[in-house]
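Report on the following structure.
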Amino acid sequence: MKKYPKILNVESRNGKQLLVTFKNGTKKIYDCSPLLEDNNFKPLLNDALFNSVQVDKHGYGIVWNDELDLSESELWINGLPAD
């Protein structure tokens with residue numbers, strides 16, 4: 001099983017994007033827009049909820065609430081390098 005770096009910090013950005021900082025110092029931009037087509041992620045259309053994103057207490061992902069989260073592997077694999 002591949003190990004992915006844990007997450008240190010996450011910040012919401014305009015355009016439903018996230019700036020994710022991993023514990024190894026890598027920063028990636030993750031675009032949440034494609035997720036919004038999935039009914040499970042429709043609540044993220046609410047800006048207040050989207051902006052409330054936090055790092056899971058162990059760094060294995062990010063969470064908005066008990067129903068909405070993303071894993072560190074999803075963010076690592078599909079995030080684009082931040083400038």
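The values are calculated or read from the model by the stated rules, or taken from the named source; none is laboratory data. Everything quoted here is computed from the prediction, not taken from an experiment. Neighbour counts run over all protein chains shown; Cβ positions are idealised from the backbone, glycine included.
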Count of residues meeting criterion [surrounded by 12 or more Cβ atoms within 10 Å (Cβ to Cβ) and either at pLDDT below 95 or in contact with a Lys or Arg (Cβ under 9 Å, 6 or more places away or on another chain) (or both)] in the stretch 10-29
7
Any idea which of (1) closer than 22 Å to Y4 by Cβ; (2) part of a helix (DSSP H, G or I); (3) not basic (K, R) is the one G59 doesn't satisfy?
(2)
So, of the residues in the stretch 64-83 that are touching a Leu at 6+ places or on another chain (Cβ under 8 Å) and over 14 Å from Q17 (Cβ atoms), which turns out to be surrounded by the fewest Cβ atoms within 10 Å (Cβ to Cβ)?
N65
